[in-house]
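The values are calculated or read from the model by the stated rules, or taken from the named source; none is laboratory data. Because the structure is predicted, anything quoted here is derived from the model rather than measured. All Cβ positions, even for glycine, are placed from backbone atoms using ideal geometry, and neighbour counts span all protein chains on display.
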Amino acid sequence: MNYKERLQNVIPGGAHTYSRGADQYPANAPDILVRGQGAYTWDDKGNKYLDYGMALRAVTVGYANERINNAAKAAIDMGVNLTKPSMLELEAAECLVDLIPSADMVKFAKNGSNVTTAALKLARAYTGRKYICVPRQHPFFSFDDWFIGSTLIQKGIPAAYHQYTLIFDYNDIDSLNKLFDQHPNDIAAVMLEPATVIDPCGCKNNYARNTKLKCTDCNECENNFLHKVQNVCKKNNAVFIVDEMITGFRWHLQGAQTYFGINPDITLFGKGMANGFSLSCIAGKKEIMNLGGIHQEGMERVFLLSTTHGAEMPALAAFLETVKLYKEENIIHHLWQYGDKLIGIML
């Protein structure tokens, strides 16, 4: 058997993420990769590839960065995962809260799906409502039933698990307002990505590439779809949730929320935040996040997240070193420059 057949023989889908499956790539793509260094990967035959995928966009500084790897290795020697909260756990939480303006508290996990589902629980507990709104143009929020059941891949998922997920159209505020009209005082939250292949604003001034400026400094700010959604959530007392798995640590060091000048109630990060190490988080306003706490007597508690490996020290050390590198080497500026260069070549 070749590698493709061997993978399919022992792993459903041939990979542990469907995005890595053979059906996602052209026939001339390598069946298997052996290692990565910087912007390059190598297959089993020693062929070298310029890797634009960069671990499904989880690697932004480069594969096997020496400083980040050394930080993770030092954390391994400190015990990897301790019985009580670790010093690295505290430092990483304080770093994230200091970095992201909308974050008063944070809880770490290992993948994006778990934190998006945790955000829904918080929103429903905070508002006492049941419906969640997501845009049809954003292809993936979670592997959990509440989202996958709202897609075409519904096999094995009872309708009861996704009947409260409502769909609207990105960049069409009327479609979102219609949902609020149809379900008055019963929508807990709106969750969306700030931007994908679709931009929330038609402004061509590239205002935020100058990091001293924000979307709110632009005279076309009122046309920005994200600001419209934020206003709709505020008007209807719904929780505004921004999924920054992809845009976070890429559009701006403080996320696309700073790039576009919005202030979400809950933000979800992952992927590039630790340069490929397994780490994600849910961060947000204290009055919402504290519902998952344990220290307020008499308060009914939300079982928010409880993950044995959520605060695994090597990933947290990698996150801390990644943030340092971002600040020292202006990684965001490099990403924008490279993107502009690539677009120029394609045009």
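Go through (1) in contact (Cβ under 8 Å) with a residue 12 or more places away in the chain; (2) loosely packed, with under 15 Cβ neighbours inside 10 Å; (3) within 16 Å of A315 (Cα to Cα) one by one and return the number of the condition D77 breaks.
In the conditions (1) in contact (Cβ under 8 Å) with a residue 12 or more places away in the chain; (2) loosely packed, with under 15 Cβ neighbours inside 10 Å; (3) within 16 Å of A315 (Cα to Cα), D77 misses (1) alone.
Can you find a residue in segment 1-17 that is within 23 Å of the chain's Cα centre (by Cα) and buried (at least 17 other Cβ atoms within 10 Å of the Cβ)?
No, every residue in segment 1-17 fails to be within 23 Å of the chain's Cα centre (by Cα) and buried (at least 17 other Cβ atoms within 10 Å of the Cβ).
Taking segment 228-267 as the search range and keeping residues that are part of a helix (DSSP H, G or I) and polar (S, T, N, Q), which one is surrounded by the most Cβ atoms within 10 Å (Cβ to Cβ)?
Of the residues in segment 228-267, the ones part of a helix (DSSP H, G or I) are 228-235, 256-260.
Those left that are additionally polar (S, T, N, Q): 230-231, 257-258.
On the way: Q230: 21, N231: 13, Q257: 26, T258: 20.
Applying the filter and picking the extreme gives Q257.
If you scan segment 87-102, which residues turn out to be surrounded by 20 or more Cβ atoms within 10 Å (Cβ to Cβ) and either closer than 16 Å to E312 by Cα or touching a Cys at 6+ places or on another chain (Cβ under 8 Å) (or both)?
Residues satisfying the conditions are L88, A92, A93, L96.
Of the residues Y131, Y126, only one is of a type in the set (S, T, Y), crowded, with 18+ Cβ neighbours inside 10 Å and in contact with a helix residue (DSSP H, G or I) (Cβ under 7 Å, 6 or more places away or on another chain); which? Show your work before the answer.
Working: Y131 fails: in contact with a helix residue (DSSP H, G or I) (Cβ under 7 Å, 6 or more places away or on another chain).
Matching residue, one of Y131, Y126: Y126.
Just the residues that are assigned to a loop (DSSP other than H, G, I, E, B) and free of Cβ contacts under 8 Å to residues at least 40 places away in the same chain, please, taken from segment 179-202.
Filtering segment 179-202 for residues assigned to a loop (DSSP other than H, G, I, E, B) gives 183-186, 193-202.
Hits for segment 179-202 are P184, V197, D199, G202.
Identify all residues within segment 324-342 that are more than 27 Å from N70 (Cβ to Cβ) and either assigned by TED's automatic domain parsing to the domain that holds G53 or among the acidic types (D, E) (or both); write none if there are none.
If the condition is that a residue be more than 27 Å from N70 (Cβ to Cβ) and either assigned by TED's automatic domain parsing to the domain that holds G53 or among the acidic types (D, E) (or both), then D340 is the only one that fits.
May I ask you to list the residues in segment 12-36 that are touching a Ser or Thr at 6+ places or on another chain (Cβ under 9 Å) and outside any loop (DSSP other than H, G, I, E, B)? If you could, list the steps in order and put the result at the bottom.
As a first pass, look at segment 12-36 and keep what is touching a Ser or Thr at 6+ places or on another chain (Cβ under 9 Å): 30, 33-35.
Selection gives L33, V34, R35.
Within segment 2-32, take every residue that is aliphatic (A, V, I, L, M) and free of Cβ contacts under 8 Å to residues at least 12 places away in the same chain and give me the one that is farthest from A55 (Cα to Cα).
Just the residues of segment 2-32 that are aliphatic (A, V, I, L, M), to begin with: 7, 10-11, 15, 22, 27, 29, 32.
Restricting the remaining residues to those that are free of Cβ contacts under 8 Å to residues at least 12 places away in the same chain gives 10-11, 15, 27, 29.
Details: V10: 21, I11: 19, A15: 13, A27: 19, A29: 15 Å.
Here the answer is V10.
Tell me, please, whether a residue that is of a type in the set (D, E, K, R), assigned by TED's automatic domain parsing to the domain that holds K73, crowded, with 19+ Cβ neighbours inside 10 Å and closer than 30 Å to A238 by Cα can be found in segment 293-301. Show your work before the answer.
Within segment 293-301, the subset of a type in the set (D, E, K, R) is 297, 300-301.
Next cut, assigned by TED's automatic domain parsing to the domain that holds K73 only: 297, 300-301.
Next, only the ones that are crowded, with 19+ Cβ neighbours inside 10 Å stay: none.
No, segment 293-301 contains no residue that is of a type in the set (D, E, K, R), assigned by TED's automatic domain parsing to the domain that holds K73, crowded, with 19+ Cβ neighbours inside 10 Å and closer than 30 Å to A238 by Cα.
Which of the numbered conditions does F141 fail, given that it passes all the others? Conditions: (1) surrounded by fewer than 21 Cβ atoms within 10 Å (Cβ to Cβ); (2) modelled with pLDDT under 95; (3) under 25 Å from M289 (Cβ atoms).
(1)
Taking R35 as meeting all but one of (1) farther than 25 Å from S278 by Cα; (2) at pLDDT 95 or above; (3) of a type outside the set (D, E), write down the number of the exception.
R35 satisfies all of (1) farther than 25 Å from S278 by Cα; (2) at pLDDT 95 or above; (3) of a type outside the set (D, E) except (1).
May I ask you to list the residues in segment 38-60 that are touching a Phe, Trp or Tyr at 6+ places or on another chain (Cβ under 8 Å), exposed (fewer than 13 other Cβ atoms within 10 Å of the Cβ) and over 18 Å from R6 (Cβ atoms)?
K48, L50
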